[in-house]
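Here the structure comes first, spelled out in structure tokens, and everything after it is commentary.
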Amino acid sequence: QVQLVESGGGLVQAGGSLRLSCAASASIDSMIAMDWYRQAPGNARGLVATITSGGSTIYADSVKGRFTISKGNAKNTVVLQMNSLKPEDTAVYYCRLTTAKYTYWGQGTQVTVSS
């Protein structure tokens with residue numbers, strides 16, 4: 001059973017930065033993409049950023065120019081660098097890994113941005 005382990009969440013003031021990391025507990029050879037989603041209270045979970053196995057990236061309009069998704073140094077790891085954080089970025093952030101057969105989700109990490 002593959003698990004995704006997220007780290008790096010916390011409390012930061014508006015304008016600050018946080019770096020989220022996500023790592024798979026086992027080696028996966030057929031990764032198609034890794035993503036970050038977020039969910040604020042009362043809202044649906046929404047896509048923040050995606051990186052494909054080939055390195056292509058997609059960002060939600062709300063985070064373009066502020067967030068950067070990249071592959072980590074280890075296989076099947078992904079990093080989300082979040083700069084110029086705003087109170088509206090407050091949410092639980094989830095990592096997702098998609099293969100040809102399965103989709104895996106992390107347990108989520110809380111990001112809170114104070115004004």
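A few comments on the model shown:
- In segment 67-98, the residues that are touching a strand residue (DSSP E or B) at 6+ places or on another chain (Cβ under 6 Å), of a type in the set (S, T, N, Q) and more than 18 Å from PRO41 (Cα to Cα): THR68, SER70, ASN76, THR77, GLN81, THR98
- Taking residues in segment 18-46 that are free of Cβ contacts under 8 Å to residues at least 60 places away in the same chain, and partners anywhere that are open to solvent by less than 30 Å² (accessible area, probe 1.4 Å) and hydroxyl-bearing (Ser, Thr, Tyr), the pairs with Cβ atoms closer than 6 Å and at least 6 places apart or on different chains are ALA23/THR77.
- Options ASP89, ASP35, ASP29, ASP61; residue that is within 18 Å of VAL113 (Cα to Cα) and acidic (Asp, Glu): ASP89
- The combined condition, being touching a residue at least 12 places away in the same chain (Cβ under 8 Å), farther than 13 Å from ARG96 by Cβ and open to solvent by 40 Å² or more (accessible area, probe 1.4 Å), is fulfilled by SER7.
The values are calculated or read from the model by the stated rules, or taken from the named source; none is laboratory data. Quick caveat: nothing in here was measured; it's all calculated off a predicted structure. As a convention, Cβ positions derive from the backbone with ideal geometry for all residues, glycine included, and neighbour counts pool all protein chains shown. Side chains included, ligands, DNA and RNA excluded: accessible areas come from the protein's heavy atoms. Shrake-Rupley method; radii C 1.70, N 1.55, O 1.52, S 1.80 Å.
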